[in-house]
Each structure stands twice: as C-alpha cells, then as structure tokens.
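Bear in mind that the values in this text are calculations on the coordinates, not laboratory data. Just so you know, these numbers come straight off a predicted model, no measurement behind them. Note that each Cβ is placed from the backbone with ideal geometry, even for glycine, and that neighbours are counted across all protein chains shown.
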C-alpha cells in the first residue's frame with residue numbers, strides 16, 4: 001500500500017520521472033512560462049520552488065545543488081544573477097499555475113506554469 005507517500009508516479013519509472021521534471025523546470029527557467037499537463041505542472045512546481053529557494057541563499061553549495069539539477073552553467077549563472085533580486089520580497093510561491101484547457105487528443109487537463 002502507498003499510504004502517505006509523497007510523490008506522484010506520473011506513469012513513469014523513477015529515473016525517467018526525475019529526468020522529465022528536470023527538463024520541465026529547465027524549460028520554465030529558460031522561457032518563463034510553459035504549458036504542460038496539470039499533474040506534471042504540480043510536480044514541477046514543487047521542484048522549481050525548492051530550486052528558487054536555493055538560489056535566494058546565493059552560496060557555493062546552493063549553486064552546485066542547482067547546477068546538479070539544471071546541468072547548464074550558463075543558465076545557472078543567469079539565474080543566480082537575476083532571481084535573487086526578482087524574488088527578494090517573497091518567502092515562497094514563486095510560480096503560478098493556471099488551468100488552461102482540455103487537450104483534444106487524450107482529454108488531459110492542461111495548465112500554464114509561469115514564474116512570478
């Protein structure tokens with residue numbers, strides 16, 4: 001039984017699920033907003049908020065932690081230059097999720113995930 005277990009399976013094995021979420025978060029940081037399914041948006045939102053909290057600490061350990069997830073030095077440098085000032089007044093809730101539509105092919109609920 002899976003009572004009180006934290007993460008959603010998203011229909012994928014653990015390694016594929018983590019890789020997919022890292023890719024979604026990377027795209028979110030590059031483009032500012034993305035459209036994904038509702039459940040994937042909820043899972044990626046959790047990861048993105050934790051990474052932004054690390055970015056706000058602005059330490060070497062935080063930089064290495066974010067680099068291990070995003071795997072792009074140029075992106076990490078850009079994030080560490082812009083995000084601390086951008087989110088300095090916020091203690092949480094760095095992303096917004098808005099339900100957008102029902103996807104025609106498989107009737108999946110879609111959501112727009114964006115940085116505030």
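If you build a Gaussian network model of the chain, linking Cα atoms that sit under 10 Å apart, which residue out of 36, 66, 98 swings the most? Evaluated over the chain, the most mobile residue of the options is 98. Cβ-to-Cβ counts within 10 Å put 91, 109 in ascending order as 91, 109, the fewest first. By the helix-only formula, in which each DSSP H run with n ≥ 4 contributes -39500 (n - 2.57) and the sum is divided by residues, the chain has a 222 nm mean residue ellipticity of -18000 deg cm²/dmol.
Measuring between their Cα centroids, the stretch 46-116 and the stretch 25-44 lie 8 Å from each other.
The value of relative contact order for the stretch 14-115, using C-alpha pairs under 8 Å at least six residues apart, is 37 percent.
Residues 1, 97, arranged from fewest to most other Cβ atoms within 10 angstrom of their Cβ, appear as 1, 97.
Computed from the Cβ-Cβ distance with R0 of 30 Å, the FRET efficiency linking residue 75 to residue 2 stands at 0.30.
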